[in-house]
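Contents: one structure, followed by commentary.
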Amino acid sequence: MHEYGKYMQLALEEAKKDKNEVPVGAIIVKDGCIIAAAHNERENGDPFAHAEMLAMRKAAQILGDRRLSGCTMYVTLEPCPMCAGAMVMAQLDKCVFGAYDERQGCCGSVYMLPEDPAFFHRTQCIGGVLEKECAEVLQSFFEKKR
């Protein structure tokens, strides 16, 4: 399995940790080591508690730096505008995501915010890694909710 797939599998495991949340998981890797992992926690009343935001916060705390240079985030769903903007502001090197989000995805589907030349920093985005598996987890969750 390619390195991306290995880390995305771990992000998928993270996504499944809370059965009451939309199953999105994120991990951040630096120098081959996982330094942060998180899953959605929005149902606790925090609109900012997306998996990506929580993982970036943890990584910054661990590194002792607001800049996530040299880090790659693996996330099961294409980041929304808020998360994509936070990736740029945190100077994250790369974002690898699984399922595309045709409605709100800002790493290529609706807009390519992290690679917009208007911003000082650009975050490279790679989508579709274990796309089928990531999409199935989300579809299964929403089918059970209906």
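The values are calculated or read from the model by the stated rules, or taken from the named source; none is laboratory data. In this text, all values refer to a predicted model and were calculated from it rather than measured experimentally. Cβ: placed from backbone, ideal geometry, glycine included. Neighbour counts: every protein chain shown. Ligands, DNA and RNA are stripped out before the accessible areas are found, and what is left, the full protein with its side chains, is counted by its heavy atoms. Shrake-Rupley method; radii C 1.70, N 1.55, O 1.52, S 1.80 Å.
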Suppose we keep just the DSSP beta bridges with both residues in the range 23-146; what percent of those would be antiparallel, to 5?
60
Dipole size in debye (nearest 20) for the chain around its Cα centre, Lys and Arg Cβ +1, Asp and Glu Cβ -1?
200
Out of [x] 52, 37, 17; [y] 48, 31, 26; [z] 42, 37, 30, which label holds the value of Cα extents along the principal axes in Å that was computed here?
[z]
Quick calc of log₁₀ I(q)/I(0), the range 79-137, Debye, one scatterer on every Cα, no solvent, q values 0.15, 0.18, 0.26 1/Å, result -0.39, -0.55, -1.02
Give me the angle, in degrees from 0 to 90, between the Cα long axis of helix 131-145 and the longest principal axis of the Cα atoms of the chain, rounded to the nearest 10.
50
Solvent-accessible surface (1.4 angstrom probe) belonging to CYS95, in square angstrom, nearest 10
0
In degrees between 0 and 90, to the nearest 10, how far off the longest principal axis of the chain does helix 3-15 point, with axes built from Cα atoms?
50
Can you pull the percent of the chain's accessible area that's carbon plus sulfur, 1.4 Å probe, other chains left in place?
51
Projecting the Cα atoms of LEU113, HIS39, CYS71 onto the charge dipole of the range 1-122, where Lys and Arg contribute +1 and Asp and Glu -1 at Cβ, the residue farthest towards the positive end is CYS71
Roughly how big is the range 94-146's charge dipole about its Cα centre, with Cβ charges of +1 (Lys, Arg) and -1 (Asp, Glu), in debye to the nearest 20?
180
Which shape class applies to the range 1-73: rounded if a/c is under 1.5, otherwise prolate when a/b exceeds b/c and oblate if not, where a ≥ b ≥ c are the square roots of the Cα gyration tensor eigenvalues?
oblate
Given the C-alpha centroids of the range 1-63 and the range 78-146, what is the distance between them in whole angstrom?
13
Where does helix 51-63 land angle-wise versus the long Cα axis of the chain, in degrees 0 to 90, nearest 10?
40
